[in-house]
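Heads up: the structure comes next, in structure tokens.
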Amino acid sequence: MTVMRDEQARFLAATTFDRNVVVTASAGTGKTTLLITRLMHLLVKSPEATPLSQVVALTFMNKAATEIKIRLRECLESVLAPDDSLAARELWDRYRLSAADLRTRYHFSADELQDRVEAALGELENSQIGTIHSFAAHLLRLYPLEAGVDPRFTPDEEFVFDDFFTREWREWLDGELGGAGGRQESWKRVLRATDLAGLELFAKALVNDLIPLDALKNQLGGELAPTLRSWLQQKQQRARELMPASRDEGRKLRQLETLLAAAGRLFGHVLSGGPAGMGELDAELRTLLEQKDGGAKPPAGWSEEEFAEASGLVRTAKAVIETDHAFFGDLLELLEPFAARCRRRFLDAGYVRFDGLLARARDLLKTHPHVRARLKRQFKAILVDEFQDTDPVQYEILLFLAEHEDRLAETWPSVLLHPGKLFIVGDPKQSIFAFRRADIEAFQRVRQMVEDQDGLPLTLTRNFRSHGTILAAVNQVFDRLIRERPGLQPRYDPLEADPDRKTGAQTQGVELRLVTPALHGEEPATLSAEEGVEAEAEAVARWLKQEVIGKEVLIERDGRRRPVDPGDVALLFRTFTQSWEYLGALRRHGLPYVAEGERHFYQRQEVIDLVNLVCCVQNPHDQVALLGLLRSAVGALTDREVMELVAQGPLDYRGNGPSGLDAHPKAAYLKSLYAVLASLHRDCPLRPLPDALDLIFERLPVLELAAASSHGEQAVANLWKVRALADDLVAQPGMTLAGFVELLKARLADPPDESESGLAEETSREAVRIMSVHKAKGLEFPIVILVGLQAGTKPPYEPIQVQQDWSTGTLGLRLGDHCAFRGPDATAESRQFPGLDHGRNRGGSDRRFHHEDGHSRRSRQASQGRTQEEGRRAASRSQGV
Ligand SMILES: Nc1ncnc2c1ncn2[C@@H]1O[C@H](COP(=O)(O)OP(=O)(O)OP(=O)(O)O)[C@@H](O)[C@H]1O
Ligand SMILES: [Mg+2]
């Protein structure tokens, strides 16, 4: 029965052309496949086939977009293949497409079909099948004048911007804090409450093109926004209603009641004086709300529900009282001119940041009716995959484009959609880009919008990706963990296995492997965290070598059996920090691997800094490298200090440095740094390459500084990767420190693409794949190993935030402990920046689960127990699995 419904839903999704369609379904249920099936129908259908040039098909990641293109090409080619060929059979099995079916359905001849297919193939390379960012860039290039960009602009994925910002910030700061700056008093006030590093991060957040600076100024300085006003009124009203009637009888109030009354007064105060008036709050009220709480149990006469609601109101009041508008007012007054200037200058330099692409494309459509009208006519079909990762600004772009041709709405909520133009598929449970503002509430709002306008909502339940045994485990775990919470956590729909599935690893299911140390006598040995990781890495590699690769059997689609190749195995990491140990273990066991995620590796600051350092160590005459090192985190010199140093003599770390070094403000530090460099120059060339790098890491705090930088985890992993490269190269003849330096310099000058391990090609079956769980999204492997499950996750707390809430348009601000009064969006409120309802939101974000299915026909998990006892605990925990 469900199979029938599932088939029916797939059929409707692929062939309903007069209504908009939203498909919501879990991982591996064939959403992307379905999108391609629909695309095929659109391209060939009769009457009114849609040429590929009038189609936009979008997804979030480059890789996924390329995948769609490749799969579409395969389908187009297969539909021309003979009916009894393997390609044609596959096409029917997966996509429910065949030449014969299309011909009967649309009443055309084989020649007509061929013409349409060939036309589509011809347009494929220039089609708008890509990421939303590439599409936004395309729109800006079509209308550079209206979009206010140089038509030859370069989209920048933050690599150019980071540097640019640092330079701009320093220059501006010099002017502001130098004698000529005219705002000393404001600066003093702000710097009493925060430090320069915090300010810099905050300024950087303000430079983001998605932040409307004028709206922010209004929000801070002006009246309460209407959404905030009505929300506060509601809270005030509830506080009044909850006060027990006995209060009027002169009875002494209990603590909760006192607090509730105080909360009501506070809400009233903000409603009349605005958030900026909080400074004049009477001290007694402030102390009360800051220091007291309403207890853990309902007082006599209060029901549990009333108590919970009253406590919630008190918490809200406590959060409101924490807000500090005067501080942010000062801050914005200081930083707004800088933010505006920095944005303008970056644009003038010919760059548009990634967020800028979106913000500008949205503004282009929103504020230029003739452009929107023309683009609406040009694009007849819009298909979006991974809709849950599409963020609110992107929704706006898509909604404006999908608008009815005869309409022109001013804002996105009032858009009337063109019937049949929009096709979206997604799975809110898989939303992995919360940090990029993707938001379940937004997803649900758009889906509701489509449904309310006669759209067709569909769901799929049958999963084709994983074995029933894996799905059973996944269902069991997630059914328990995921509890529906409106706007925050969607319901868990169990996945159904494909009853016809015959492929995959012979041994099916989920295995939990525990790594425990050997017993020494009666006492279980204990392992440090590092030793635990080492032990697990070793155990995983040994297990792969001895039991999996070449030993386990795989059943292919055509029924053939073959032994498992290294490329059939994927090792997934929650974070990349510890991958180094695993790579080392794989190497020791002679297992080839390829690690993902190295694009731009050689453009990363920490890698450049390390290369400079190694160059310096190897060649004391390399003044450019030394200069780079001095300006890096290790040298920590400002440009001015570098200038002073250069003025005192040639840059050379040998001997005691130049004679005038003593006069330098950082003389003591420079001398010690020079001494370390000289010692490394002496000792490194005598050691094997990897040991030389270890020595550098030992004598200078390179790793520690990287760990402390923003994206610290990634930075450390990148440095380990340079170290891994040294390991890989050590066996090559003549690979000395000098050779290594040459190779690194060459790579800096001309970075190689993507995969970097150098041991195997990405697509070959010869290498085990190493990647983060996020990178593995949508990929499929017969055997998947999740490693390092014992490691904790990062707390979702970011000390600095400037963000706009899509639903209410209000902006949230946070800098360290300071936060500004912020909107009451009902849902994911402050995953990003705790403002109001702080406690509740934290809970919400913690309880929201990221869910993906096992990716595989057979999934294995390795977990390391630090002691026997802990091992047993982990094992019993796993019995649910
Ligand atoms: N109707 C079908 N019959 C048989 N196999 C299918 C069918 N649809 C999809 N598949 C196969 O199932 C696997 C998962 O499909 P697909 O990638 O389209 O799922 P998805 O829902 O997009 O997954 P994700 O949520 O990870 O994006 C693929 O290997 C695909 O070839
Ligand atoms: Mg998909």
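The values are calculated or read from the model by the stated rules, or taken from the named source; none is laboratory data. This is a predicted model, so every value here is computed, not measured. We place every Cβ from the backbone using ideal geometry, glycine too, and count neighbours over all the protein chains shown.
Take Ala14 and decide whether it is within 11 Å of ligand 1 (Cβ to nearest atom) and under 27 Å from His418 (Cβ atoms).
Working: within 11 Å of ligand 1 (Cβ to nearest atom): yes; under 27 Å from His418 (Cβ atoms): yes.
In short, yes.
If you go through segment 447-481 and keep only what is touching a His at 6+ places or on another chain (Cβ under 8 Å) and either among the small types (Gly, Ala, Ser) or modelled with pLDDT of 95 or more (or both), you end up with just Ser466. Screening the candidates Arg73, Arg152, Arg89 for the property of being touching a helix residue (DSSP H, G or I) at 6+ places or on another chain (Cβ under 8 Å) and not assigned by TED's automatic domain parsing to the domain that holds Thr37 yields one hit, Arg73.
Residue count for segment 447-456 satisfying the condition of being surrounded by fewer than 16 Cβ atoms within 10 Å (Cβ to Cβ) and either assigned to a loop (DSSP other than H, G, I, E, B) or within 16 Å of ligand 1 (Cβ to nearest atom) (or both): 1.
Selection of segment 462-495 for residues being surrounded by fewer than 19 Cβ atoms within 10 Å (Cβ to Cβ) and in a strand (DSSP E or B) yields only Arg485. When Ala9, Ala64, Ala27, Ala57 are checked against the criterion of being crowded, with 23+ Cβ neighbours inside 10 Å, within 16 Å of ligand 1 (Cβ to nearest atom) and of a type outside the set (Ser, Thr, Tyr), a single residue qualifies: Ala57.
How many residues are at positive phi and either more than 13 Å from ligand 2 (Cβ to nearest atom) or among the aliphatic types (A, V, I, L, M) (or both) if we restrict to segment 27-49?
Pass one, segment 27-49, residues at positive phi: 28, 30, 48.
Subset that is either more than 13 Å from ligand 2 (Cβ to nearest atom) or among the aliphatic types (A, V, I, L, M) (or both): 48.
Number satisfying all stated conditions: 1.
Here Leu610 meets each of (1) on the phi > 0 side of the Ramachandran plot; (2) within 31 Å of the chain's Cα centre (by Cα) with one exception, condition (1).
Looking at this structure, is Leu91 of a type in the set (A, V, I, L, M) and within 30 Å of Arg189 (Cβ to Cβ)? Judged against the criteria, Leu91 is not a match. Within segment 17-26, the set of residues being more than 13 Å from ligand 2 (Cβ to nearest atom) and either under 33 Å from the mean Cα position of the chain (by Cα) or modelled with pLDDT under 95 (or both) comprises Arg19, Asn20, Val21, Val22. Scanning segment 647-662 turns up no residue that is outside any loop (DSSP other than H, G, I, E, B), within 24 Å of Ala738 (Cα to Cα) and either in contact with a strand residue (DSSP E or B) (Cβ under 8 Å, 6 or more places away or on another chain) or not acidic (Asp, Glu) (or both).
With respect to the stated conditions, Ala49 fails to be away from ligand 1 (no atom under 14 Å from the Cβ), free of Cβ contacts under 8 Å to residues at least 24 places away in the same chain and not β-branched (Val, Ile, Thr).
Screening His41 against (1) surrounded by fewer than 23 Cβ atoms within 10 Å (Cβ to Cβ); (2) over 20 Å from Asp115 (Cβ atoms); (3) touching a helix residue (DSSP H, G or I) at 6+ places or on another chain (Cβ under 8 Å) leaves a single unmet condition, (2). Tallying residues that are closer than 23 Å to Glu7 by Cα and of a type in the set (Lys, Arg) within segment 68-101 yields 4. When the residues of segment 431-446 are filtered to those that are within 16 Å of ligand 2 (Cβ to nearest atom) and buried (at least 21 other Cβ atoms within 10 Å of the Cβ), the one that is modelled with the lowest pLDDT is Ala438.
Hey, does segment 56-68 have a residue that's within 25 Å of Thr131 (Cα to Cα), within 16 Å of ligand 2 (Cβ to nearest atom) and aromatic (Phe, Trp, Tyr)? It would help to see each step written out before you state the result.
Residues of segment 56-68 that are within 25 Å of Thr131 (Cα to Cα), as a first pass: 56-68.
Next cut, within 16 Å of ligand 2 (Cβ to nearest atom) only: 57-68.
Checking the rest, the ones that are also aromatic (Phe, Trp, Tyr) come to 60.
Yes, there is a match, as at least one residue in segment 56-68 is within 25 Å of Thr131 (Cα to Cα), within 16 Å of ligand 2 (Cβ to nearest atom) and aromatic (Phe, Trp, Tyr).
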